[in-house]
1. Quick one: which helices (runs of 4 or more DSSP H) sit completely within segment 213-325 and have at least 3 residues that are of a type in the set (A, V, I, L, M) and over 19 Å from Ile53 (Cα atoms)?
2. Exactly one condition in (1) within 15 Å of Phe296 (Cα to Cα); (2) part of a helix (DSSP H, G or I); (3) free of Cβ contacts under 8 Å to residues at least 40 places away in the same chain; (4) of a type outside the set (Val, Ile, Thr) is not met by Gln135; state its number.
3. When only residues in segment 349-373 that are assigned to a helix (DSSP H, G or I) and among the hydrophobic types (A, V, I, L, M, F, W, C) count, which is nearest to the chain's Cα centre (by Cα)?
4. Return the residue satisfying two criteria in turn: it lies in segment 90-117 and is within 20 Å of Ser141 (Cα to Cα) and surrounded by fewer than 20 Cβ atoms within 10 Å (Cβ to Cβ), and of such residues it is farthest from the ligand (Cβ to nearest atom).
5. Do we find that Ile345 is within 13 Å of the ligand (Cβ to nearest atom), in a helix (DSSP H, G or I) and of a type in the set (A, V, I, L, M) in this structure?
6. Mind checking whether some residue in segment 76-89 is of a type outside the set (Ser, Thr, Tyr), away from the ligand (no atom under 12 Å from the Cβ) and within 19 Å of the chain's Cα centre (by Cα)?
7. Residues in segment 380-418 that are in contact with a Lys or Arg (Cβ under 9 Å, 6 or more places away or on another chain), within 16 Å of the ligand (Cβ to nearest atom) and touching a residue at least 40 places away in the same chain (Cβ under 8 Å): how many?
8. Give me a count of the residues in segment 21-75 that are without any contact (Cβ under 8 Å) to a residue 40 or more places away in the chain and within 12 Å of the ligand (Cβ to nearest atom).
Amino acid sequence: MANVNRDGFGSRFGVLVAVAGSAVGLGNLWRFPYLVGNNGGAAFIIIYLLFVILLCLPIMFSEFIIGRRTQANVFGAINKLAPKSPFIIIGIISVAASISIMSFYSVVGGWTLEYIFKSFSPQFLTADSANLATQFSGFSSASFMPVVMHLLFLGLSALIVVAGIKNGIEKYSKILMPALFVLVLLLAVRSVTLDGAGAGIKFLFYPDFSKITGETLLAALGQAFFSLSLGMGCIITYGSYVNKKENLFNISLMTAAADTGFAILAGLAVMPAVFAFGIPPGQGPSLVFITLPQIFAQLPFGNLFSVAFFFILFIAAITSAISLLEVIVAYFTEELKLSRKAAVIIAFTIIGTFGTLSSLSNGVLKDVTIFGKTFFDLFDYASSNILLPVGGLLVVLFVGWRMKRADVLDELSSGGAVAVKSFVFRWVMLIIKFVAPIAITIVLLNSIGLIKLF
Ligand code: TRP
């Protein structure tokens, strides 16, 4: 089975940083804070945490198991383990979700680039939220600059992916991830020490469960998948580059811990400031872009902080974007036998086009809607709330019911190198076979109204 010519991660630290780099991104620093704001705060966070621990960890094990067992892209992996089975749909969902996510992700990545440049201008920072809201909507609804920035962001991600695993993804992630942590921590400290931060802290930690609806549950589930990069073969693909000796349990636990830590830290950086400045928390996607410049306006060297923050947000976004692109590129190169460069160019063209539609849907195309959603909202909703949960469901069903139990144990224990206690293994299998599939199905059925829990 040895794949001597296949690229892979060079070191344990490299694997961890790359997987964590995939998980930590706009999902934590941009999407999590605004979803918390839209969905009533602490109760949403508690449900989110439950989903991460109970559902997402077993799904992450499952994706790693499939990827490392087969050392192949998603299509190749499913085909090796179960030739000609209908589970190949996991491959189709993966490529579709990757395109769908990148088509709005890259637009937001472009916003972060624009905000790095804006941060240099002294007029940009102001304590006036209405002014910041106008600046944001003025920029994001324009037809030219946001599209250019989206293509620039996508192009930079594509360049890193062309460079391959060891020299591209791993090298960049190693430098960028630790820097990210320090800067978000600094921001959180500043935010919680603002006058009037208390209300925001209460919003984050004091739950009001009467706010929970079927849509909230689905949003929390979708966000858990999104933030941990699950449900579309991203971890299958990265897992395929992981050395046979690595401990998959540890990598998964550390990734989930780092990702959740970053999300909570981002919540602490944003929410106390939102309340301190009297910004409505249910602001939607513009939330961080309006809130944080206000914090910077009140800091000495505010422009410097602002440049640093949006630069970090950009870094976090690009280490995730490359993992999304890699899913498509691995499929194109291994199944369709294209060169890496050709694969990246095709991916760039498809996502460049859809992303342009999604960027324009914040402006000139805002009245073009499908199922009542603009392109931007549609790409976001379809991927997080439909494709990822369905993909995750199929992955656990595949590992739980289709793979041989002995093979699953062999991967989890890294061929016997890692001692996995038999009761631990039984619990993991119980969750993978029954708990996770049933829970995901219930949340999905509940949200489309077929059953009524909330
Ligand atoms: N998890 C990343 C974030 O939080 C985004 C991401 C990267 C992703 N790869 C993924 C989301 C795979 C879903 C599936 O920003």
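The values are calculated or read from the model by the stated rules, or taken from the named source; none is laboratory data. No experiment lies behind these values; they were computed from the predicted model shown. FYI the Cβ positions are ideal-geometry reconstructions off the backbone, even for glycines, and counts take in every protein chain you see.
1. Passing ranges, in order: 248-276, 287-297.
2. Exception for Gln135: condition (1).
3. Among residues in segment 349-373 that are assigned to a helix (DSSP H, G or I) and among the hydrophobic types (A, V, I, L, M, F, W, C), the one nearest to the chain's Cα centre (by Cα) is Ile351.
4. Ranking the qualifying residues of segment 90-117, first place goes to Phe117.
5. Working: within 13 Å of the ligand (Cβ to nearest atom): no; in a helix (DSSP H, G or I): yes; of a type in the set (A, V, I, L, M): yes.
So Ile345 fails the test.
6. Within segment 76-89, not a single residue is of a type outside the set (Ser, Thr, Tyr), away from the ligand (no atom under 12 Å from the Cβ) and within 19 Å of the chain's Cα centre (by Cα).
7. Here the count works out to 4.
8. 0
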